[in-house]
Amino acid sequence: MATVAAAGAHEAHEHAHYTTTGLNHRKIAMWTFIGSECMLFGSLISTYLVYKGRSVVGPFPHEAWTSPTGQAFKPILNIPVTSASTFVLLMSSLFMVLALAAVENKGKPGYEGLLGASKFWLAATAAAGATFLGFQAFEFTSFVHEGLTIRTNLFGTSFYTLTGFHGTHVAVGVLWLMTMLFIDLKRGLEPRDAINVDIMALYWHFVDVVWIAIFTLVYLIK
Amino acid sequence: MATSSAISTTASAAPQPSVQSGLWSWLTTVDHKRIGLLYLYTALFYLLVGGLEALLIRTQLARPNLSVVSAEMYNQLFTMHGTTMVFLVVMPLSAAFFNYLIPLQIGARDVAFPRLNAFSYWVYALGGLFITLPIFFGLAPNGGWFGYAPLSGPTYGGGYNMDFWVLGLQILGISSLAAAFNFITTIINMRAPGMTLMRMPMFTWMSFVVQFLIVLAFPVITAALFFLQFDRFFGTNFYQVQAGGDPLLWQHLFWVFGHPEVYILVLPAFGLVSEVLPTHSRKPLFGYNVMAFSGMMIGFLGFGVWAHHMFAVGMGPVADSIFAVTTMLIGIPTGVKIFNWIATMYGGSLRFPTSMKFAIGLIAMFTIGGISGVMHSSPPSDLQQTDTYFIVAHFHYVLYGGAIMGIFAGIYHYFPKITGRLMNERLGSWHFWLNFIGLNLTFFPMHFSGMLGMPRRIYTYDAGQGWDLFNMISTVGTYLLLVAGLIFAYNFFSSRKRGAVAGNDPWGGATLEWSIPSPPPEYNFAQIPEVTSRYPMWDLKAPDRTASLEHVHPSADDIAAAHAVPVHEETERRSAKELGIAIPFSTIRPFMVALGIIIMFSGLIVLHVGEFPLAMAAMLGGSAFMVGSLYAWLTSPLE
Ligand code: HEM
């Protein structure tokens, strides 16, 4: 993979460029991107909250509902299952930290064994992300079976949109992790690549933090 | 796997050598100056389009009960006029200056992400076509530039018209956001040694503020547009009143974006006149710090006034009062700017080239718009004025009299830097005066027709309501503006070839862009300058003007790290290769990614037509093309 290697060499070259703050360009750009993402999720979450309790028909998130035709619906959110998927996503952040540490410290004493196994931690992070997506797919399909689609009511509309956007962000993150893993498998990530992993980690942790907000505001608070 | 094949295709493709002319070189350029030119030409073209739309509008309204265009066509015309002027003219004209000037003003060789920069432009260019072409088929958006849902939703806004609007704005948003990330990074991280934030030229300062506004305001309309898009394409309920949806949700989200947007439109123009006025007053900008902070203050308060666009919806006295007060507050930093510009001229030795005329014109015209703005910051007064021509008068004084005049000042001022030649001053003067008179003839009478109750967005009106004369004058004024525009176009294109040769610094400018040849070489600065004050070129050429200002040298470490040398005039033109400066490779990939995005979005239109397989092909094919091109881009070296 000549180009991948070349891209790596080019990164090293970029470090040689003078920057005003001494920080890497892409890191600053990622922080600005995260700033704008805050506004995006802020708008999505506010819309969900504004519409909370305003659906004219069920099913509802936390309350049972009986339709005019007499059909009974349970409260739709499954908090135990989502707690499990939340836990998996939180663990993925831990794996991400370990992956970054492994790349940063590759070859240093104390990082020979599992702690230096960047491939393992990258794969674990990606797997945890994918598991979270699996949970979400399960959640969406079971909700649809229980009678809630994105068209059913305001709750369905705002719920699927909000969590769907978050899920898309996780999916992009998983793709990014897999690309990084691919590069690691091909040529091995080294400390000079740490900045790339660092930026990815920034994104990943952000997506995680957003989920904590969503989990609290949508699932836990009645 | 798609990824691995994308990566291996690039492995075999050698980086292309950069070609300097021909279509291909423009498609693949990543040079911030050439991208700036692309923005400039494209946006001037759209100024013509938006202007012709306005001309048709005004022709239709010249006299009562005309039928130059149909009611439906009229709706499309005013919607496209507003949308074009805001998103395809003023923002990109500002972007042209961001691109061209920011690196030159801060002493950098390019922007932080040259390829992302090309991507921003191509998304804008293709997105502009996406939203503009439908008018030729009578399918242009017809729900106003503010696209109020539920009127723009599936129930009341069926058909394809608003599809193009929703998707088009979504596409244009990508362009603005990508550019904003780029410029923020550039300004934070690529300043030459000694170019501290408080030494940045005022245009760069205002641009900096604007990028933050874009980063924070655009995601809000992105969300609002996604909701509308989902309502239209997937049958969701966001703006569906029968499902309990709130008809005000759109208005709030739109104006949380929309009000910062008006500062996004006008602050770059403020920045430009803040360059022109000191140069031609031959005096430092009065109250530099206050100018920078008032810009930040405007940006900050700009997020707290959105609901003054919504006084008429009945938010209640508390909300109305709060937004009235914040709106009046924002008048303060704006007023501060006006006074600082006047104080900059006071006691200066003034010159009046065309750029200066436009800059002074901005001060006068924007003040009129500012005063009518303060008038409708008061809810009782606004209830009389909202949705009348009074509002149309107000926002054209700030947008035409502010943004467009400022941008013209910038064009006349920087034309010699960009082309190496001066524009013709006599024609410039004609342009200015016809423009000035035309502008006032067009928009001043609208205050009166508005006060007499003429509503906006009506395609015709009956005689005998006292509106006829005012409308006639407005229309005459518009034709005068057309003449002014034609003079400008002639001047612009003929001066490019035949204008007097300008040299590095025809105006005696104070900032770094005037230290290098015109047009600047590919690498901008042969040597990165070491900056010690706000007005480095005046330190060299007119030290008496800057003697009282602070001069501080950057640290030796920074100077060494950047290989910087004291500011000096660079006159020699050598190739980047001779100087050993690495220039980014030109590449087609940013264009390809942009194209992928457009194909993807077009798929949604096809979906609405009902051609399901074709729609899926476009959406999946477009996204695969986009992702593939993106991987190819990211895995190829920059320089
Ligand atoms: C070339 C000179 C111009 C003329 C003669 C003109 C004329 C008009 C008129 C008559 C309307 C009202 C249409 C109606 O309500 O039925 C209008 C609307 C508008 N104009 Fe202009 N305009 C000009 C330039 C500009 C510029 C430079 C901008 C912005 C930078 C602009 C932005 C708008 C916007 C945002 C609307 C509101 C459209 C809507 O209600 O959806 N115009 N213009």
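The values are calculated or read from the model by the stated rules, or taken from the named source; none is laboratory data. In this text the structure is predicted, and so the values were computed from the model without any measurement. Note: ideal-geometry Cβ built from the backbone for every residue, glycine included; neighbour counts use all protein chains shown. Ligands, DNA and RNA are excluded from the accessible area calculation, which covers all protein heavy atoms including side chains. Shrake-Rupley method; radii C 1.70, N 1.55, O 1.52, S 1.80 Å.
Among B:PHE234, B:PHE257, B:PHE286, B:PHE293, which is at pLDDT 95 or above and more than 30 Å from B:THR511 (Cα to Cα)? Exactly one residue qualifies, and that residue is B:PHE257. Checking B:PHE164, B:PHE136 one by one, the residue that is farther than 30 Å from B:PHE415 by Cα, open to solvent by 10 Å² or more (accessible area, probe 1.4 Å), away from chain A (no Cβ under 14 Å) and within 16 Å of the ligand (Cβ to nearest atom) is B:PHE164 and no other.
Here the helices (runs of 4 or more DSSP H) wholly within region B:545-628 that include at least 2 residues being of a type outside the set (Val, Ile, Thr) and open to solvent by less than 20 Å² (accessible area, probe 1.4 Å) are B:589-609. Per this entry, A:VAL210 is counted among residues that are closer than 19 Å to A:ALA84 by Cα and within 14 Å of chain B (Cβ to nearest Cβ). Which residues, counting only those in region B:190-242, are at negative phi, out of contact with any Phe, Trp or Tyr (no Cβ under 9 Å at 6 or more places or on another chain), at the interface with chain A (Cβ under 7 Å from one of its Cβ atoms) and surrounded by fewer than 22 Cβ atoms within 10 Å (Cβ to Cβ)? Within region B:190-242, B:PHE234 is the sole residue that qualifies. Taken together, the residues in region B:420-451 that are crowded, with 17+ Cβ neighbours inside 10 Å and either closer than 21 Å to B:GLN384 by Cβ or within 14 Å of the ligand (Cβ to nearest atom) (or both) amount to 17.
If you scan region B:245-264, which residues turn out to be more than 30 Å from the chain's Cα centre (by Cα) and open to solvent by 20 Å² or more (accessible area, probe 1.4 Å)? Before you say what the answer is, go through the steps one by one.
Start the filter on region B:245-264 by keeping residues that are more than 30 Å from the chain's Cα centre (by Cα), which leaves B:245-246.
Of everything in region B:245-264, just one residue is more than 30 Å from the chain's Cα centre (by Cα) and open to solvent by 20 Å² or more (accessible area, probe 1.4 Å), namely B:ASP246.
Assessment of region B:341-352 against the conditions (away from the ligand (no atom under 16 Å from the Cβ) and buried (at least 21 other Cβ atoms within 10 Å of the Cβ)) yields at least one matching residue.
Of the residues making up region B:23-82, those that are of a type in the set (Phe, Trp, Tyr), over 23 Å from the mean Cα position of the chain (by Cα) and more than 12 Å from the ligand (Cβ to nearest atom) number 1.
Do the conditions hold for B:VAL374, that is, is it open to solvent by 10 Å² or more (accessible area, probe 1.4 Å), within 16 Å of the ligand (Cβ to nearest atom) and either among the aromatic types (Phe, Trp, Tyr) or away from chain A (no Cβ under 14 Å) (or both)? Even if it seems obvious, please write down each step before you answer.
Details: open to solvent by 10 Å² or more (accessible area, probe 1.4 Å): yes; within 16 Å of the ligand (Cβ to nearest atom): no; either among the aromatic types (Phe, Trp, Tyr) or away from chain A (no Cβ under 14 Å) (or both): yes.
Spelling it out, it is not the case that B:VAL374 is open to solvent by 10 Å² or more (accessible area, probe 1.4 Å), within 16 Å of the ligand (Cβ to nearest atom) and either among the aromatic types (Phe, Trp, Tyr) or away from chain A (no Cβ under 14 Å) (or both).
So for region B:488-509 (the condition being more than 14 Å from chain A (Cβ to nearest Cβ) and within 16 Å of the ligand (Cβ to nearest atom)), does at least one residue qualify?
yes
Here region A:124-159 is the region considered, the condition is being open to solvent by less than 10 Å² (accessible area, probe 1.4 Å) and not in a helix (DSSP H, G or I), and the residue that is nearest to the other protein chains (Cβ to nearest Cβ) is A:ASN153. Taken together, the residues in region B:452-468 that are more than 9 Å from the ligand (Cβ to nearest atom) and either in a loop (DSSP other than H, G, I, E, B) or over 20 Å from B:LEU55 (Cβ atoms) (or both) amount to 11.
Test B:ILE360 against the criterion of being at pLDDT below 95 and in a helix (DSSP H, G or I), and give yes or no. For B:ILE360, the condition - at pLDDT below 95 and in a helix (DSSP H, G or I) - is not met.
Taken together, the residues in region B:477-497 that are at pLDDT below 95 and either open to solvent by less than 20 Å² (accessible area, probe 1.4 Å) or among the hydrophobic types (A, V, I, L, M, F, W, C) (or both) amount to 0.
Restricting attention to region B:305-330, the residues being surrounded by fewer than 17 Cβ atoms within 10 Å (Cβ to Cβ) and either in a helix (DSSP H, G or I) or of a type in the set (Ser, Thr, Tyr) (or both) number 10. When every residue of region B:507-514 is checked against the conditions, none turns out to be among the polar types (S, T, N, Q) and either open to solvent by 20 Å² or more (accessible area, probe 1.4 Å) or part of a helix (DSSP H, G or I) (or both). Residues in region B:472-481 that are of a type in the set (A, V, I, L, M) and near the ligand (Cβ under 8 Å from one of its atoms): B:LEU481 alone. Restricting attention to region A:19-71, the residues being within 30 Å of B:ALA564 (Cβ to Cβ), among the polar types (S, T, N, Q) and more than 8 Å from chain B (Cβ to nearest Cβ) number 1.
Here are some residues: B:PHE87, B:PHE136, B:PHE98. Which one is out of contact with any strand residue (DSSP E or B) (no Cβ under 9 Å at 6 or more places or on another chain), without any contact (Cβ under 8 Å) to a residue 24 or more places away in the chain and assigned to a helix (DSSP H, G or I)? Write out each step before concluding.
Details: B:PHE87 fails: without any contact (Cβ under 8 Å) to a residue 24 or more places away in the chain; B:PHE98 fails: without any contact (Cβ under 8 Å) to a residue 24 or more places away in the chain.
Going through B:PHE87, B:PHE136, B:PHE98 in turn, just one is out of contact with any strand residue (DSSP E or B) (no Cβ under 9 Å at 6 or more places or on another chain), without any contact (Cβ under 8 Å) to a residue 24 or more places away in the chain and assigned to a helix (DSSP H, G or I): B:PHE136.
For region B:377-418, a residue qualifies if it is within 14 Å of the ligand (Cβ to nearest atom), over 20 Å from the mean Cα position of the chain (by Cα) and open to solvent by 20 Å² or more (accessible area, probe 1.4 Å), and the qualifying residues are B:THR386, B:ASP387, B:ILE391.
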